[in-house]
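Notes follow once the structure below has been shown.
The values are calculated or read from the model by the stated rules, or taken from the named source; none is laboratory data. Since the model is a prediction, treat every value here as computed from it, not as a measurement. Here the Cβ is made from the backbone with ideal geometry for all residues, glycine too, and neighbour counts use every protein chain on show. What goes into the accessible areas is simple: the full protein's heavy atoms, side chains included, and nothing from ligands, DNA or RNA. Shrake-Rupley method; radii C 1.70, N 1.55, O 1.52, S 1.80 Å.
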Amino acid sequence: MRTALALVVLAVVMFVCLLIGTESVSLKAVFGGVGAQESVNPDYEIFVQVRLPRIILAAIVGAALACSGVVFQALLRNPLADPYILGISSGAGLGVTIAVISGLNWTLWGRSPIAVFAFAGALGTVWLVWFVGRLTGKFHVTGLLLAGVVINAFFSAVIMFLTSIAKAEQVHATIFWLMGNMTEEDFLVLWIGAGCVGGGIVALFYISPQLNALSFGEDDARSMGVNTARTRTIAFGVAAAITAIAVSLSGLIGFVGLVIPHGVRLVFGPDHRQLLPLSSIVGAILLVVADTVARIIVAPAQLPVGVVTAIVGGPFFLVLLVKYSRKVSWLK
Amino acid sequence: MSGIIEVENLSFGYIPQSTILKDISFEVTPGTSLAIAGPNGAGKSTLLNLLCGTLVPKSGTIRIDAAPVESYSTKALAGKVAVVRQEFVPVFGFSVIETVLMARTLYYDPMGFESKADKKIVAEALEMTDTIQFASRPLGSLSGGERQRVLIARALAQDTAILLLDEPTSFLDLKHQVGIYDLLKAAQLERDKTIVTVTHDINLAAQYCDEILLLGADSNYHIGKTKDVFSPEQIEKVFGVRTFAGRVGQEKFFIPLGKFAKDSGQIGNKPEGSQQK
């Protein structure tokens, strides 16, 4: 019920954000067809070719990050976990740095090597962390976290080493990419991304009762009839995959994956059957709004959307935290 | 054999070189309660984890309802055995009702939601454990005794024939200790549960449980009716502590005597029943 309502809100927000921008667009003109004297319809161009893909992309990325944030927090039983905690960010960053510095200019299915390298780097790193984590025990949360932190630090050092020997414009290109941006004109890529992320979220929704039980720990979950190994593998694999997709589509956008799950949990409670779909939708809404703000606030220049998510989302989250925290009556 | 739990020649060690449990055999009759007592490190919790399939025996077999534990799928075993582990607070603020409802996870519909029947069972479990009045409060805001009752409610809501508990009264005061044992006895008698409890409290175990499994550190063990297993000599042998044994009505009790206990030299171990005058 709440989920359906949230979906409606998302649709409205996406539509409103389509209308907002530095160029005013009239709906009538968009769908009115090409005028007699013009060969192109500028309103249609802006609406469909410029804004629509951005908004779709922001929704995909926001949903993917918020959803995998929920899953990683549940799996690691750690409220500080976010989608990047197990090395996805540094892995993607390393992929990007290598792609930029080696000056590759081929394309794969129309993608620049940067995105391909980011995707490969992200998934490769998660696999490495998972593999090392497994060596520390059957499913050792601490071992996994430590492996993630150390591999993150190691790759960050490699990135710094590479950027210190790189040319200035290469460094700039790397940093610009890592800051996160929402430019993707190819609708085919967008639909594939949306399909993968949407499918991933549905798959994760189906194991959300098991994620509830897993919050009580491995043994408790198993004695409640949860096949913990299967649940963990699905959750981990799917969450890592949709994060890697998000990262390779838009770069590193912080904050969404950490704070949306907490915000939604504070307001609606920790039941994953509700938390997971709601977080995905709220994440999508937040990122669509944040990207619209990033488009217009310093027009004609544009802010990296990650800056907006943190600046707007941070204070908002603090307000939620104070307002909805379960108060202890004897502590004034 | 006719036990709902049958353990045959069970041995287990965490590392290949050492065995913590050696050649243990016993069975638990349906609808009875068994207490597992013994010193720290004797393998009580280990035995419990073997019974619920968390650990795998090095040798020997454990049968639940006549089938070996390892032959059950996770789901099927969860339909037979519910476990209450030593309590802890989960990271996310699940409420009491959400926690108890989780016991029904394996019966959820394909979309992952509970049925009316699930809700009814959960409501009954809350009722029975007297936790219904704080059903909507987060688990973290409850006292230790209340939280333990919630975890027992969750195990009851799993609707299994067998209930395993690992030191359910460890952190509780006297009233709550008795409350938990009263609750478990009621579950045994009214709902025909078979209950296995790991405990340090030999007096409560003696009072509430039908049989005792006394597990020694050297993998010696004694199982039987409380009165046959518990004697001052036996307890001194297993725990390495002298006790003062007494009897009130039908109930036997033991008071441990430390080095500095007053008059410990004089009282010593009186024969059972000698305190009744």
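The figures follow:
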{"read-out": "Förster radius 45 Å - calculated FRET efficiency between A:VAL12 and A:PHE161, Cβ distance, rounded to 0.05", "value": "0.40"}
{"read-out": "Whichever aspartates and glutamates have a C-alpha closer than 14 Å to that of B:LYS259, once near sequence neighbours (fewer than 8 apart) are set aside", "value": "B:GLU236"}
{"read-out": "Label-point gap, in nm, between B:ASP130 and B:LYS75 - each point 7 angstrom along Cα→Cβ", "value": "3.8"}
{"read-out": "Between helix A:305-324 and chain A: long-axis angle, C-alpha atoms, 0 to 90°, nearest 10", "value": "50"}
{"read-out": "Ordering of B:236-245, A:196-205, B:29-38 by packing [mean C-beta count within 10 Å, highest first]", "value": "B:29-38, A:196-205, B:236-245"}
{"read-out": "Simple spin-label estimate for A:ALA153 and A:THR136 in nanometres, 7 Å along Cα-Cβ", "value": "1.2"}
{"read-out": "Accessible surface, per residue, of the stretch B:100-159 when the full set of protein chains is kept, probe 1.4 Å, Å²", "value": "41"}
{"read-out": "Chain pair B, A: total accessible area buried, heavy atoms, 1.4 Å probe, Å²", "value": "2500"}
{"read-out": "Label point at B:ASP210 placed 7 Å out along Cα→Cβ; residues across the stretch B:136-172 whose backbone nitrogen lies under 18 Å", "value": "B:160-165"}
{"read-out": "Heavy atoms of A:TYR206 accessible to a 1.4 Å probe, total area in Å² rounded to 10", "value": "110"}
{"read-out": "Partner aspartates and glutamates for B:LYS116 [C-alpha distance under 16 Å; skip if fewer than 8 residues away on the same chain]", "value": "B:GLU98, B:GLU124, B:ASP159"}
{"read-out": "Area accessible to solvent at B:ASP23, 1.4 Å probe radius, in Å²", "value": "80"}
{"read-out": "FRET efficiency for B:ALA217 and A:LEU146, using Cβ-Cβ distance with R0 set to 45 Å, rounded to 0.05", "value": "0.85"}
{"read-out": "Largest-first ordering by accessible area, 1.4 Å probe, given options B:LYS185, B:LYS116, B:LYS225, B:LYS193", "value": "B:LYS116, B:LYS225, B:LYS185, B:LYS193"}
{"read-out": "Alpha-carbon spread of the protein assembly as shown, three principal axes, descending order, Å", "value": "115, 50, 50"}
{"read-out": "B:ASP192 versus A:VAL298: modelled label distance in nm, points set 7 Å from Cα along the beta carbon direction", "value": "7.4"}
{"read-out": "Residues of type aspartates and glutamates that B:LYS237 reaches as a straight line, Cα spacing below 13 Å, ignoring anything fewer than 8 places off in the same chain", "value": "B:ASP218"}
{"read-out": "Considering only the protein assembly as shown, percent of DSSP beta bridges that pair antiparallel, nearest 5", "value": "60"}
{"read-out": "Above-threshold pairs, the threshold being 19 Å between Cα atoms, out of B:LYS22/B:LYS80; B:LYS227/B:LYS252; B:LYS44/B:LYS185", "value": "B:LYS22/B:LYS80; B:LYS44/B:LYS185"}
{"read-out": "Among A:LEU178, A:LEU146, A:LEU76: highest mean-square fluctuation, GNM of chain A, C-alpha pairs under 10 Å", "value": "A:LEU146"}
{"read-out": "Angle between chain A longest axis and helix A:187-206 axis [Cα atoms, degrees, rounded to 10]", "value": "30"}
{"read-out": "Hz values of 3J(HN,Hα) by residue in the stretch B:62-74 - Karplus curve (6.51, -1.76, 1.60), Gly and Pro given as x", "value": "10, 10, 10, 6, 6, 10, x, 3, 6, 7, 7, 6, 3"}
{"read-out": "Highest-MSF residue in chain A out of A:LEU145, A:LEU94, A:LEU57 [GNM, Cα springs under 10 Å]", "value": "A:LEU145"}
{"read-out": "Peptide A:205-215, shielding by other chains (average Cβ, 10 Å cutoff)", "value": "4"}
{"read-out": "A:ASP186 - accessible surface, heavy atoms, 1.4 Å probe, Å² rounded to 10", "value": "60"}
{"read-out": "Where A:ILE253, B:ILE121 fall by accessible area, highest first, once all protein chains stay in place (1.4 Å)", "value": "B:ILE121, A:ILE253"}
{"read-out": "Degrees separating the helix B:144-157 axis from the principal Cα axis of chain B, which is the longest one", "value": "60"}
{"read-out": "Whether chain A is rounded, prolate or oblate, judged on the alpha carbon gyration tensor where a/c under 1.5 counts as rounded", "value": "oblate"}
{"read-out": "Which of B:SER95, A:SER112 is most accessible, then next, and so on - probe 1.4 Å", "value": "A:SER112, B:SER95"}
